[in-house]
Every structure is written in structure tokens, then in C-alpha cells.
Amino acid sequence: MACAFAPIMAAPSAAMAQEKDFAPYIAVRTTLENADANEFIFDNGYGGVLAAGVRYQERWRAELSVSRRGSDVIGVPPIDTEGYFRAWAWLVNVYYHPFGVDRPISPYAALGGGFNHASVEAIATEARYEGFGFPEQRYVEKSWQGKLGVALQLREGLYADVAAAYFVSDDHYVDASFPNADEVESAYRTYSALIGLRLEL
């Protein structure tokens, strides 16, 4: 009789194990940005990230993230400038945790892709270069991200994330007002330090 009930008892246990491998989550992160974009010299900047995703296997999760990052543009060599570079990015990211997602300490690697909506302005501050620089403008380009980090389990379903990321968008010709150039090719890149919280629902 006990043997007859064994498959019935095993079915809920298998379902529970499978359910544990599938969990939606939300995440919030803050970032410190060290940016570079060919012609521009940036001050350090800051950013924020909101994400919604799902842990769908023991070692894998995927998410959709929306980020806002920005830095002041302090120079276009040899000109000192006042300006800014701001970017909204929408990315699909896939994470791999080699030792499993649900661990007290879980290192991971991630790759992502999507697009980036940038706004930029950088105008010379010296009188002899009056009018030189980059007038306010906006553009959209494809973007990519790589990330290495570690998740620390604070309690069941709640994790602190610490990571380093490299973000880059495709080259774009930015309008300029220099005597010998009316546009300059720019590839926006930024190295980010991230810290955040991830909550499974």
C-alpha cells in the first residue's frame, strides 16, 4: 500500500522543487560612473537602475532593466567646457551563477543588450573659444553591457548585489561647432560600480 502512494507523494515534492527554481524578482541599484566618450573628458557621475526579472533555473536568471546614468562634461581637449552627458538605457540581461542563485554568497557574470537614449551638451567656458563645443542634442543607439558581481543572501529571497559593469553604446556622430569640424564621432563608454537590493516575489 505504501508503495502505491509513493508516486503520488513524489509528485508534489517534484513540483515544489521545480517551483523553487522559478521565482520572479524586482531589483534596485545605485551606480558610480567613470565615463569616456572619445572627445569628451568627464567628471565622475552617478546613476540608478530599476529591474524586473525571473530566476528560471538553479544557475540562471534574466531581467529587463531601465537605467539612468550621467556625468558632467568638463572638457573637450584643449578646451574647458560646461556640459553634461545623460543616458537612459533599456537592456535585457542574462545572469549566470556558477554555484547556484540561491546561495549565501553567489558570484555571477552577466551579459546584456538593448538601446541607449543619450542627451549631450558641452560648451566652451573660455572667452577665446566662445561658441565652440557641442550644442544640446539627443540620439538613440544600440548598447551593450557586461557585468561581474556577487550576491549576498540577507534572508530567504532577499539579496544584496555588488558588481562592476562595463557599458558601451554604438558609435554616433555628434554635432559640433568647431571651425574645422561640424560633427565628431563618439562612442560612449562607462565603467560602473553598482550596489543594490534584489527581492524575490
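Per-residue 3J(HN,Hα) values for segment 173-181, derived from phi via the Karplus relation 6.51 cos²θ - 1.76 cosθ + 1.60 with θ = phi - 60°, read 7, 8, 4, 9, 10, 8, x, 10, 7 Hz in sequence order (x marks Gly and Pro).
Put the Cα centre of segment 17-94 next to the Cα centre of segment 130-163 and the gap is 1 Å. For the chain, the longest principal axis of the C-alpha atoms and the axis of helix 2-20 are separated by about 10°. Between TYR191 and VAL140, the FRET efficiency from the beta-carbon distance, with R0 = 22 Å, is close to 0.50.
State log₁₀ I(q)/I(0) for the chain at q = 0.09, 0.14, 0.18 Å⁻¹ as given by the Debye formula over alpha-carbon point scatterers of equal weight, solvent excluded. For the chain at q = 0.09, 0.14, 0.18 Å⁻¹, log10 I(q)/I(0) is -0.45, -0.81, -1.11. Once the Cβ-Cβ distance of ALA52 and ARG103 is raised to the sixth power relative to R0 = 30 Å, the FRET efficiency obtained is 0.85. Treating r as the C-beta distance of ALA160 and ASN44 and R0 as 22 Å, the FRET efficiency rounds to 0.45.
What shape does segment 34-125 take by its C-alpha gyration tensor, where a ≥ b ≥ c are the square roots of the eigenvalues and a/c under 1.5 counts as rounded, a/b above b/c as prolate, and the rest as oblate? Mind showing how you got there, number by number?
On the way: a/c = 3.75, a/b = 2.75, b/c = 1.36.
It is prolate, given that a/c is not under 1.5 and a/b is the larger ratio.
Rolling a 1.4 Å probe over the protein heavy atoms gives the chain an accessible area of 54 Å² per residue. Ranked by the mean number of other Cβ atoms within 10 Å per residue, highest first, peptides 101-109, 48-56 order as 48-56, 101-109.
What does the helix-only formula give at 222 nm for the chain: each DSSP H stretch with n ≥ 4 adding -39500 (n - 2.57), the total divided by the residues, and the result rounded to the nearest 500 deg cm²/dmol?
On the way: 1 runs with 19 residues, N = 201.
For the chain, the value works out to -3000 deg cm²/dmol.
The values are calculated or read from the model by the stated rules, or taken from the named source; none is laboratory data. All values derive from a computational prediction rather than experimental measurement. Cβ coordinates were reconstructed from backbone atoms using ideal geometry, including for glycine residues, and neighbour counts include every protein chain displayed. Surface accessibility is based on the protein's heavy atoms, side chains included, excluding ligands, DNA and RNA. Shrake-Rupley method; radii C 1.70, N 1.55, O 1.52, S 1.80 Å.
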